[in-house]
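Accompanying notes for the structure given below.
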There are 2 protein chains.
Amino acid sequence: MTSEQVVPRRGRGRPRAADAGDSRERILAAASAEFSRHGYEAVSLRSVARAASVDAALVHHYFEDKADLFTQAIGMPLRPDRVVKTVLSGPREDVGANLLRAILGGFEEPGFRDRVLGLLRTALGHEFAAAMLRQFLVKEVLHRVAIELAVPDGELRATLTASQMIGLVVLRYGIRAEPLASVPLDELVVRVGPVIQWHLLGFPEAKGP
Amino acid sequence: MTSEQVVPRRGRGRPRAADAGDSRERILAAASAEFSRHGYEAVSLRSVARAASVDAALVHHYFEDKADLFTQAIGMPLRPDRVVKTVLSGPREDVGANLLRAILGGFEEPGFRDRVLGLLRTALGHEFAAAMLRQFLVKEVLHRVAIELAVPDGELRATLTASQMIGLVVLRYGIRAEPLASVPLDELVVRVGPVIQWHLLGFPEAKGP
């Protein structure tokens, strides 16, 4: 497919023969609007293509699936589901520390940090934003963790893991409570890694029989 | 002291001979305004008395100290420092579970839940609100925990504890991620109690030598 398939949106003052970067940006803008209007569950790659006035194949060309489109629309530098998969493919006893390091590592980038804190703030204030964040977390992150872990209560374990992660983000990067805000990432991994491990797999299993 | 010491505020349409309930409410309103304007650190019982146009002794009559005034001004049903003291006076190996039960128990009250989520939302959005919440947390809650625990890194342990608590509040009551949102409090204590214990005291100490 080429950029010729793109029908420029009216009233945006863009040239008719939009380049590839333009179509990608247009799809992202349409996706943001669609997710905000209808929520994570209700949106499909097809409905975003319709909203952006492009062929559905073009959306598939730029974005792997809905999770990919969503994370790029809200500007996440990493796909949570990929992080989860990578981390879970490492040694089982290091899952807690590795997951923590991967997620917190992303927060060293100020732009990402600010967007996630903004997302959390909105989610705490608006029923709709909370539902969207919840649907995304459950469907694209937590459910995958649950499947990968193959423990019967994997979904509860995944939400408990998220609770420690999000709390750490809020206190370290949002409220910036000391001394937590200044502790080096390595020390944080030593402190909180076992907690993530506990939430995900329980300590006895993590430490062996 | 009596309510005669109270100078009614102008323009509120209240009767001149205010009753005791009125003076208390007036002090709380002045305290809210002072905390919002100047932050937690800069406000004193004396400055609130001045703002409310009452004698400082009257403020002391209704409120034990600044922490008491603050928690009542923002509508907290429990004083975090008292909760901490009560919990720490129980068995050392039950500190995690008891602290968790006490704090989460407060969130069963919808009014309190909404106020704390509102406070968090504001803190994530405004530098000033974040500073106020941080100052209150550090000075009135975390510092006390650190002293009571008598561990060298008590302040870091206290902020890590707060990170798990706040994350749990955000996910269970704010975003309401399932299945975490529906898990009975008792099961939550079993799941997260050991984490709080780990953050506060470390597992080895909690489990004995």
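Each reported figure results from applying straightforward, stated rules to the coordinates on display, with no laboratory input. Fair warning: this is a prediction, and the values are worked out from it, not measured in the lab. Note that each Cβ is placed from the backbone with ideal geometry, even for glycine, and that neighbours are counted across all protein chains shown.
Karplus-based coupling profile of segment B:46-51, in residue order and whole Hz: 5, 5, 5, 4, 4, 5, with θ = phi - 60° in 6.51 cos²θ - 1.76 cosθ + 1.60 and x standing for Gly or Pro. Computed 3J(HN,Hα) for segment A:123-136, one whole-Hz value per residue from the Karplus formula 6.51 cos²θ - 1.76 cosθ + 1.60 where θ = phi - 60°, is 4, 6, x, 10, 3, 5, 5, 4, 4, 5, 4, 5, 4, 5, glycine and proline marked x.
Projecting 7 Å from Cα along the Cα-to-Cβ direction, the label point of A:P110 sits 4.2 nm from its equivalents in the other copies, listed shortest first. Distances between copies at B:V151, taken between label points 7 Å from Cα along the C-beta direction, are 2.2 nm in increasing order.
Copy-to-copy label distances for B:Q135, where each label lies 7 Å from Cα along Cα-to-Cβ, are 4.2 nm in order of increasing length.
Taking the Cα centre as origin and putting +1 on Lys and Arg beta-carbons and -1 on Asp and Glu beta-carbons, what dipole magnitude results for segment B:116-209, to the nearest 20 debye?
On the way: 9 positive and 9 negative charges, 33 e Å.
Using only the charged Cβ atoms, the result is roughly 160 debye.
Model label points for A:R113 and A:H126, set 7 angstrom from Cα along the Cα-to-Cβ axis, are 2.5 nm apart. Only aspartates and glutamates eight or more places from B:K66 in sequence, or on another chain, were considered; those with a Cα closer than 14 Å are B:E34, B:E41, B:D81, B:E140. A simple spin-label model places the labels of A:E41 and A:S89 3.2 nm from each other, with each point 7 Å out along Cα-to-Cβ. Look at the stretch A:126-139: the mean tally of other chain Cβ atoms within 10 Å of its residues' Cβ atoms is 2. Axis-proximal residue of chain B for the rotation onto chain A, reported as residue and distance in whole Å: B:G167, 1, based on Cβ position. The string of couplings for segment B:89-95 from the Karplus curve (6.51, -1.76, 1.60, θ = phi - 60°) is 7, x, x, 4, 6, 9, 4 Hz, one whole number per residue in order, with x for Gly and Pro.
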